[in-house]
């Protein structure tokens with residue numbers, strides 16, 4: 001028996017070494033293969049989430065169980081996926097799709113699609129209203145490299161408005177997130193500039209890739225690649241006065257999505273990149 005022990009030990013050691021590492025996140029499940037680029041996520045009922053994919057994918061809302069099994073998909077009518085980047089919801093159950101991905105800062109067709117509660121939609125399609133908007137500070141498409149602040153991947157609904165958090169693509173990188181507000185009703189608007197916020201100066205971690213507000217309205221969460229930023233008892237119209245807590249997740253994948261499961265728990269999703277990602281995670285905000 002003793003002569004086999006070194007080999008058994010090596011096999012056990014190799015198996016342990018191959019276990020995925022998720023940092024301080026709790027791995028819940030893996031999304032289906034066809035959802036490799038989840039870019040936005042919202043929860044309307046326990047044990048499931050609604051998700052979208054970004055540029056180059058179909059004009060669908062997908063309902064997926066937290067067990068990883070697909071449940072339903074809805075074709076979004078009157079909409080086109082130019083670059084869908086985030087989902088948010090209001091207290092009436094309406095869902096908003098942010099088609100404001102703008103990597104090159106050259107888009108003139110930024111739009112948010114508003115759809116009624118997809119949980120009660122009996123068919124396979126859902127009708128969208130359009131909320132067009134433009135950034136008042138952008139006059140060139142694209143602007144100079146040092147002024148490229150007009151990509152966006154995160155937004156939230158608050159007090160009958162939608163608040164958009166832009167993604168800094170300036171060169172050299174400045175770590176500046178611009179916050180804009182638009183009404184939550186169909187129309188064509190010039191967005192209202194609220195303020196700049198600064199999370200940190202590391203491009204791979206400070207650029208906002210998703211946003212969410214807790215059900216009780218007390219906590220705002222912003223996500224980047226490997227970092228979570230939270231603030232409580234905030235006012236979005238004076239958000240520059242808020243102090244954000246920075247949490248290193250110890251898991252630096254292409255994290256694109258965040259939503260709240262309850263007032264103290266967030267769900268987080270990442271896109272697939274090579275052999276990593278395409279996962280759904282959970283994190284409790286009261287964790288150290």
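Residues that are over 18 Å from the mean Cα position of the chain (by Cα) and either buried (at least 16 other Cβ atoms within 10 Å of the Cβ) or not in a loop (DSSP other than H, G, I, E, B) (or both) within the stretch 66-78 comprise 70, 71, 72, 73, 74, 75, 76, 77, listed in sequence order. Residues in the stretch 126-150 that are in a strand (DSSP E or B) and surrounded by fewer than 20 Cβ atoms within 10 Å (Cβ to Cβ): 5 in all. For the residues 102, 81, the requirement of being at pLDDT 95 or above, crowded, with 22+ Cβ neighbours inside 10 Å and assigned to a loop (DSSP other than H, G, I, E, B) singles out 102. The residues listed here are 123, 154, 187; of these, the one that is on the phi > 0 side of the Ramachandran plot, touching a strand residue (DSSP E or B) at 6+ places or on another chain (Cβ under 9 Å) and either surrounded by fewer than 17 Cβ atoms within 10 Å (Cβ to Cβ) or in contact (Cβ under 8 Å) with a residue 12 or more places away in the chain (or both) is 187.
Among the residues of the stretch 165-204, those identified as under 14 Å from residue 110 (Cβ atoms), assigned to a strand (DSSP E or B) and over 20 Å from the mean Cα position of the chain (by Cα) are 187, 188, 189, 190.
Apart from one condition, residue 140 fits all of (1) touching a helix residue (DSSP H, G or I) at 6+ places or on another chain (Cβ under 9 Å); (2) more than 19 Å from residue 88 (Cα to Cα); (3) in contact (Cβ under 8 Å) with a residue 24 or more places away in the chain; the exception is (3). Being touching a helix residue (DSSP H, G or I) at 6+ places or on another chain (Cβ under 7 Å) and within 17 Å of residue 137 (Cα to Cα): is that true of residue 164 here? No. Among strands (runs of 3 or more DSSP E) entirely within the stretch 205-288, having at least 3 residues that are buried (at least 19 other Cβ atoms within 10 Å of the Cβ) and either under 14 Å from the mean Cα position of the chain (by Cα) or on the phi < 0 side of the Ramachandran plot (or both) singles out 210-213, 219-223, 227-232, 255-262, 265-270, 279-284. The residue of the stretch 84-99 that is surrounded by the most Cβ atoms within 10 Å (Cβ to Cβ), among those that are touching a residue at least 60 places away in the same chain (Cβ under 8 Å) and part of a strand (DSSP E or B), is 86.
On inspection, residue 59 does not qualify as surrounded by 15 or more Cβ atoms within 10 Å (Cβ to Cβ), under 17 Å from residue 259 (Cβ atoms) and touching a residue at least 12 places away in the same chain (Cβ under 8 Å).
The values are calculated or read from the model by the stated rules, or taken from the named source; none is laboratory data. On a predicted model such as this, the values are computed, not experimentally measured, just so you know. Using ideal geometry, Cβ is built from the backbone for each residue, glycine included, and neighbour counts are taken over all protein chains shown.
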